[in-house]
Amino acid sequence: MKLESDWRTARLLGAALLLVCAVGCGGTGERGAESAESSGGEVAAQPDGGECAHYARRICEVVGPRSDTCRATLGVVALMSPRACAVGVEDWEVTLERVAELRTACDALADQVCVAMGEGSEACRAIRGDAPSIPPGHCPTLLQEAPKLIGQLKEREALSAPLSEERWAAVTGAGAPEFGKADAEVVLVEFSDFQCPYCARAAETVAKIKEAYGERIRFVFRQYPLPFHNHAHGAAQASLAAHAQGKFWEYHDKLFDNQDSLDPASLESYAKDVGLDMDAFRAASTGADTAKAVASDVALGDTVHVRGTPTLFINGRRVENAIDYDSVAAEIDAALQAAK
């Protein structure tokens, strides 16, 4: 896939926060947790149960047991005298004040997101709800990454928005390979690449969809050969040459069944297998008309922010998992119900 698809998503804010945290925290989340657990055991095992163990536990309760601050505290108190730790416990209010100062960075992050995305946005609601649970030691780093986070949230919001009527009309326009009822109330459009292994899996899902829904839906196939797949563009043109002879779906299946062999000689061999007129196929598969048609599909994909393949839309809304039949079927069922 082009980015071989980033859209294995958690929810909008969660996915972005996890990404920023991984960058900001150096990927130490799980290792930090393991370190905290082992260090915590050592501190708690001090002969008297000690002030240091007590102080460390209180810190970790406030800042989060998986945070860098908790981990650092557990390491430091192992070197401190019980008397020094007792002073820390005695001056606990000072510690709470400093934690509160760190927490203000989370509030500032939430404010920046809500100003940028709108107070009523899903991202704003999510971060207002999540901010209290973010370990305060992470807040300054997240705040520094706020522009990147906001940019990711805006991109995700744009991708999750339904297509305009004009753009949807363009991607569902006549001429592309399709099956189903021409005036179906539920229309699916897939942008695909014959050399993409994920698209081969999506093709299996499409076959099940065709069998299960038949004339209740319309399915439109759009070409989106990725530039780093060296045979994808040739395969796309060849499939349109087969389409011109009414054999697109048979040829489509041949291509996905033989993804490792999409060189020109193999493309010709598959054309013979499905019974195409070879002279017409050769002329069309390398001709200007099919090249223009592929370029037109790619341009359409770019206008609707296709970022990888397969990308699937149902009634103008992007589907997150185009590979899983159950997920796609649930989306189709919901669209059919809404159309009643």
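Each value in this text was obtained by applying a stated rule to the coordinates, not by laboratory testing. Source: prediction; values computed, not measured. Reconstructed Cβ throughout: ideal geometry from the backbone, glycine too, with neighbour counts over all protein chains shown.
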Fill in: In segment 103-123, the residues that are among the hydrophobic types (A, V, I, L, M, F, W, C) and surrounded by 17 or more Cβ atoms within 10 Å (Cβ to Cβ)
Ala105, Cys106, Leu109, Ala110, Val113, Cys114, Ala116, Met117, Ala123
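Let's see how each residue does on (1) crowded, with 18+ Cβ neighbours inside 10 Å; (2) assigned to a helix (DSSP H, G or I); (3) touching a residue at least 12 places away in the same chain (Cβ under 8 Å); (4) not hydroxyl-bearing (Ser, Thr, Tyr):
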residue: Leu262; (1), (2), (3), (4): yes, no, yes, yes
residue: Gly275; (1), (2), (3), (4): no, no, yes, yes
residue: Phe281; (1), (2), (3), (4): yes, yes, yes, yes
residue: Lys292; (1), (2), (3), (4): no, yes, no, yes
Discussion item. Given the condition of a type outside the set (A, V, I, L, M, F, W, C), farther than 17 Å from Ala284 by Cα and in a helix (DSSP H, G or I), answer yes or no: does some residue in segment 238-247 qualify?
Written reply: no
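In the set Ala200, Ala176, which member is under 21 Å from the mean Cα position of the chain (by Cα) and within 23 Å of Ala232 (Cα to Cα)?
Answer to the selection: Ala200.
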Worksheet item: Do the conditions hold for Ala53, that is, is it small (Gly, Ala, Ser) and touching a residue at least 24 places away in the same chain (Cβ under 8 Å)?
Response: yes
